[in-house]
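Derivation of every value follows stated rules applied to the coordinates shown; laboratory data play no part. Please read all numbers here as calculations on a predicted model, not as lab measurements. Cβ coordinates were reconstructed from backbone atoms using ideal geometry, including for glycine residues, and neighbour counts include every protein chain displayed.
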Amino acid sequence: MSSLGKPYSLKALSLRNRIVMSPMCQYAVDAEDGTPNEWHFVHYVSRAVGGAGLILIEMTDVEPDGRITNRDLGLWSDEQIPAYRRIVDEVHKHGGKIGIQLAHAGRKALDAEPPVGPWTEPFDDTAKQPRALSTEEAWALIGRFADAAARAVQAGFDTIQLHGAHGYLIHQFHSPGINKRDDEFGRDKAKFGVEVIKAVKAVLPPDMPLLMRVSAIEYAEYAYDLEHMLEVARAYRDAGVDMFDVSTGGEGGPAVKGKPGNYPGYQVPFARAMKDALDIPVSAVGMLDDAELAEHVVASGDADLAVIGRAMLRNPYWAIDALRRLDGTADVAKPYERGYHGRR
Ligand SMILES: Cc1cc2nc3c(=O)[nH]c(=O)nc-3n(C[C@H](O)[C@H](O)[C@H](O)COP(=O)(O)O)c2cc1C
């Protein structure tokens, strides 16, 4: 059997295989009140039918103005819980596990008037100028992350992922190029993220793993390097993160260091580096579309899980197709069996 097809466990989270659907905002869909609708239900449940081991619901924000756009999902109200519960229950019926990515867009909140962030510099020349959060407001936002996490637990999610990557609020706080504060959240760049982790952990069942996506490096003029991220991630690990999902970039500003380019597996070396340095499970993401490449990433030990983004937008059955290619067989939903084994 392929490594990709092997079950995987982290605390109470038991996956049928090592294939993860990456969190991906569905912006175009009308979700003005931040609550998942029929699109989201079909979209996520389809990937469970399609064989993914773990499905991560897109960036879901802890307050309305924390959304990138007003069409993004949120979990700031108890009234939103049932719509998530419906997705969770149906994904479980199809053998998948499901987590939710909790976030705040900070200075990248396009529709907020104004957006807030650790500091007053905008994301780029076209973005609105953010208002710097007061120390009290930063603490209040930490509480909102915990409230949203408690709602996610009520909705039945198997795990939670904190979005600490791609230039959103947690990333903004740990980026020395963005966070110019001189309060407790500026002197210690990891403090905001650490406090979010601790507050969220306090409301999770003790056996539920906490995942966190981070950008291992930035690309802008002021970019931090891997050494900086390792130091921050060590603090995040010690505060309670059980697995890092390793991405890069997204911070904004001119990219003078140059991106490594979007070639298959371009972020995998960073996942390996974080795993080795921190002795913690990691998942890798970024153009792992080819089943053989995803298999290599997991079989080599570069990462524990392979996270698939756009390829799963194109093909909800990516996991079934990958496992059939690697192993010659894969479990499929009963009504679809004849599509694979039956005669015409
Ligand atoms: C439409 C779209 C929406 C995305 N939304 C999110 C998101 O909500 N959270 C996140 O961490 N990354 C988001 N991403 C990034 C993906 O999760 C993934 O990291 C990236 O596409 C690279 O993986 P891939 O090459 O397999 O697509 C998004 C990407 C796309 C294409």
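For the range 121-126, backbone phi angles converted through the Karplus equation (6.51, -1.76, 1.60; θ = phi - 60°) give residue-by-residue couplings of 7, x, 4, 7, 4, 9 Hz, Gly and Pro being listed as x.
The loop-placed GluC sites (Glu not before Pro) in the range 136-245, going by DSSP, that have at most 15 neighbouring Cβ atoms within 10 Å of their Cβ come out as Glu221. Ordering Asn37, Pro115, Ile308 by the projection of their Cα atoms onto the charge dipole of the chain, which places +1 on the Cβ of Lys and Arg and -1 on the Cβ of Asp and Glu, puts Ile308 at the extreme positive end. Projecting the Cα atoms of Ile142, Gly253, Cys25 onto the dipole axis of the chain, where Lys and Arg carry +1 and Asp and Glu carry -1 at the beta carbon, places Cys25 farthest toward the positive end.
Based on other C-beta atoms within 10 Å, arrange Asp304, Asp124 from fewest to most.
Asp124, Asp304
For a footprinting-style exposure proxy, rank His94, His171, His43 by other Cβ within 10 Å, fewest first.
Ascending Cβ contact count within 10 Å gives the list His94, His43, His171.
Computed over the range 8-340, relative contact order equals 16 percent, with contacts defined as Cα pairs under 8 Å that lie 6+ residues apart. Taking a straight line from the alpha carbon of Lys93, these lysines sit under 18 Å away, with near neighbours fewer than eight places off in the same chain left out: Lys334. By the rule of a C-alpha distance below 16 Å, with chain neighbours fewer than 8 residues away ignored, the aspartates and glutamates paired with Lys6 are Glu292, Glu295, Asp302, Asp304, Asp321, Asp327, Asp331. Among all the lysines, which ones have a C-alpha under 16 Å from Lys108's C-alpha, if same-chain residues fewer than 8 places away are not counted? Leaving aside lysines fewer than 8 places away in the same chain, those within reach of Lys108 are Lys128. The tail of the calculated P(r) for the chain beyond 25 Å holds 49 percent of all Cα-Cα pairs. Taking Gln161, Gln80, Gln101 as the candidate residues, the one with maximal mean-square fluctuation in a Gaussian network model of the chain, Cα springs under 10 Å, is Gln80.
Modelled spin labels at Arg338 and Asp238, positioned 7 Å past Cα toward Cβ, are 6.1 nm from each other.
Lys-Lys pairs in the range 149-281 that are eight or more residues apart or on separate chains and whose Cα atoms lie under 20 Å of each other come to 5. Just to be sure I understand: with springs between alpha-carbon atoms less than 10 Å apart, which residue in Asn315, Asn37, Asn262 has the highest mean-square fluctuation in the Gaussian network model of the chain? With Cα springs under 10 Å in the chain, the top fluctuation among Asn315, Asn37, Asn262 is at Asn262.
The magnitude of the dipole of the chain, with charges of +1 and -1 set on the Cβ of Lys/Arg and Asp/Glu and taken from the Cα centre, is near 1160 debye.
Going by neighbour counts of Cβ atoms within 10 Å, the residues Thr329, Thr126 line up, fewest first, as Thr126, Thr329.
For the range 234-344, the relative contact order comes to 21 percent (Cα pairs under 8 Å, sequence separation of at least 6). Toward the positive end of the charge dipole of the range 8-340, with +1 on the Cβ of Lys and Arg and -1 on the Cβ of Asp and Glu, the farthest Cα among Val196, Tyr8, Phe173 is that of Tyr8.
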